[in-house]
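Student: Before anything else, here's the structure in question.
Bear in mind these aren't lab numbers, they're just calculated from the coordinates by the rules spelled out. Treat the numbers as computed from the prediction; the structure is a model and nothing was measured. All Cβ positions, even for glycine, are placed from backbone atoms using ideal geometry, and neighbour counts span all protein chains on display.
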Amino acid sequence: MKLLRKARAGTLESGDVFITAEPADRLEISLESPVKEQYGEVILQTVHEILREFDITSGRIDLTDRGALNCTLEARLTTVLRRASQEEKT
Amino acid sequence: MRRSLLFIPGNRPNMIQNSEVLPADAIIFDLEDSVPAGEKDAARDLVARALRFLDFGPRERMVRINDLGSVEAKADLRAMVAAGVQTILLPKVGGAGTVKEADSLLSRAEREEGRQEGSTGLVALLETALGIEHALDAALASPRMTGLALGGEDLSADLGCPRTREGWEIFYSRSRLVMAAKATGIDALDTPFTDVHDAEGCEQEARFVKDLGFTGKLCISPSHLKAIHRAFTPSREEILYAREVAEAMEEGQRSGQGAVSLRGRMIDLPVLRQAQRILALAGAAGLLRDEEADHEPGR
């Protein structure tokens, strides 16, 4: 699967994560999280797992975490990657 | 047991997460009215992951999907079956056709997702005049049907009536729904009480509809759960009387009597059936053990 356009999913509310995904030449991931020191690696591991599920090897993914559970993170990633890989509706 | 069925918006992760500890009998994750049109896909993804990975304990896991006429409904059903939903709350049911269509889509999804065919239950939300008039047909349309629920707000709009606190505008609809549910042996579930700051009003309404024959109530606020449970759970006095009735009837049957006298009143089989219903409810609510313990000598 390939990212075709910029898309977003999630919110900045507590317990959620706001994610944007857009096409890029290589894979770039940025993470902002209040628990980055403790859980940053686990969060990034989940990001890579979902990217592998979608077979995405390039693109820019920006995550602003507000204390999301892992299942919320997975859901928001699934949504944003599917949205970004669909042609823009006209 | 479905005394309280609490709606949780499907696009709110913090509310979904908190519902793990709320004392509702059933949680209804909503993909329909509480989710904006542009967020339907996100809510579906969120609820599906929550169903797979969160632990809701003994609470029944229900999902209100989008109405079958929408583009979202088929994807909702497929994703929720894959995630292991127990019961689908089907909105805007106009009669048997809607239920049969949902039944068929569920069967296909269950086969494709490796779930046991027929394992997903259905509750029909009746919220139009047409739906109310076809309540019995809807209840009979599928063996998956476990309840009929009333959507009072949409119904009032369909009837062109203001929705009042007294509820006379939906009195006939409530009665009609109860008849159809009782005739088919499934749950009768009342519309939510919409004033989230008035738990007392919610309890009054819950007691009123319980006396009409409803078995539970939809709910939009956790602050209403205790009030609903108080209304739909038998009181200590009711449990004690039900026990007396059961014992008196048992004694009467042993001595060949169909009707016996208790507290100065004649009681017979219909009274026994009421007593058995109350004891079954009390048992499901875990009250019989407490009540027995209270009667142990020395307590």
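Student: So how far apart, in nm, are the two label points at residue B:33 and residue A:52 if each is 7 Å from Cα heading toward Cβ?
Tutor: My value for the distance between the label points is 4.4 nm.
Student: What is the angle, in °, between the Cα long axis of helix A:70-84 and the longest principal axis of the Cα atoms in chain A? Nearest 10 is fine, range 0 to 90.
Tutor: Once rounded, one gets 20 degrees.
Student: What shape does the stretch B:168-299 have by the C-alpha gyration tensor, where a ≥ b ≥ c are the square roots of the eigenvalues, rounded means a/c under 1.5, and otherwise prolate means a/b greater than b/c and oblate the rest?
Tutor: Since a/c reaches 1.5 but b/c is at least a/b, the shape of the stretch B:168-299 is classed as oblate.
Student: May I pose another question? Between B:130, B:218, B:177, find the one with the highest GNM mean-square fluctuation for chain B; connect C-alpha pairs within less than 10 Å.
Tutor: B:130
Student: Please list the radius of gyration and Dmax for chain B, considering alpha-carbon atoms only, with Å as the unit.
Tutor: 20.7, 69
Student: Just how many pairs of Lys in the protein assembly as shown have C-alpha atoms closer than 19 Å, counting pairs that are eight or more places apart or on different chains?
Tutor: Taking the Cα cut-off of 19 Å, the pair count is 14.
Student: At 222 nm, what helix-only mean residue ellipticity would chain B give, in deg cm²/dmol to the nearest 500, using -39500 (n - 2.57) for each DSSP H run of four or more?
Tutor: For chain B, the value works out to -15000 deg cm²/dmol.
Student: Amide H neighbours of residue A:59 under 5 Å, counting only residues 5+ apart in sequence or on other chains, H built in-plane at 1.01 Å?
Tutor: A:24, A:26, A:27, A:28
Student: For the stretch B:236-294, what is the convex hull volume of the alpha-carbon atoms per residue, in Å³?
Tutor: So the per-residue hull volume is 78 Å³.
Student: Take the Cα coordinates of the protein assembly as shown, assign each an equal point scatterer, and use the Debye formula without solvent to give log10 I(q)/I(0) at q = 0.12 Å⁻¹.
Tutor: Ignoring solvent entirely, the Cα scatterers give -0.98.
Student: Would you be so kind as to identify which of A:80, B:83, A:67 lies farthest towards the positive end of the dipole of the protein assembly as shown, taking Lys and Arg as +1 and Asp and Glu as -1 on Cβ and the Cα centre as origin?
Tutor: Toward the positive end, the furthest listed residue is B:83.
Student: Hey, what do the phi angles of the stretch B:3-13 turn into as Karplus ³J(HN,Hα) couplings, whole Hz, using 6.51/-1.76/1.60 and θ = phi - 60°, x for Gly and Pro?
Tutor: 7, 10, 10, 9, 6, 10, x, x, 10, 10, x
Student: Continuing with this model, one more query. Hey, how much of the P(r) for the stretch A:7-84 falls beyond 20 Å, as a percent of Cα pairs?
Tutor: Looking at the stretch A:7-84, the distances longer than 20 Å represent 19 percent of pairs.
Student: Give the angle, between 0 and 90 degrees and rounded to the nearest 10, that separates the Cα long axis of helix B:269-284 from the longest principal axis of the Cα atoms of chain B.
Tutor: It works out to around 60 degrees.
Student: Given Cβ point charges of +1 (Lys, Arg) and -1 (Asp, Glu) and nothing else, what value in debye, to the nearest 20, does the dipole of the protein assembly as shown about its Cα centre take?
Tutor: Charge dipole of the protein assembly as shown: 460 debye, to the nearest 20.
Student: Tell me the relative contact order for chain A as a rounded percent, counting alpha carbon contacts under 8 Å between residues six or more apart.
Tutor: 47 percent
Student: Kindly write out, for the stretch B:102-112 in residue order, the coupling ³J(HN,Hα) from the Karplus curve 6.51 cos²θ - 1.76 cosθ + 1.60 (θ = phi - 60°), rounded to whole Hz, with x marking Gly and Pro.
Tutor: Whole-Hz 3J(HN,Hα) from phi for the stretch B:102-112: 4, 4, 5, 5, 5, 4, 5, 4, 4, 5, 5.
Student: Now for a different question. Quick check on chain A: helices-only [θ] at 222 nm, where DSSP H runs of length 4 and up contribute -39,500 (n - 2.57) each and the sum goes over total residues. Nearest 500, please.
Tutor: -12000 deg cm²/dmol
Student: Next question, about the same structure. Compute the acute angle (0 to 90°) between the alpha-carbon long axis of helix B:73-83 and the principal axis of greatest extent of the alpha-carbon atoms of chain B; round to the nearest 10°.
Tutor: For helix B:73-83, the angle is close to 60 degrees.
Student: A further question follows. Please find, in a Gaussian network model of chain B (springs between Cα atoms separated by less than 10 Å), the residue of B:249, B:266, B:145 whose mean-square fluctuation is greatest.
Tutor: Ranking B:249, B:266, B:145 by mean-square fluctuation puts B:266 first.
Student: Placing +1 at every Lys and Arg Cβ and -1 at every Asp and Glu Cβ, with all other atoms neutral, what dipole size does the stretch B:176-299 have around its Cα centre, in debye to the nearest 20?
Tutor: 340 debye
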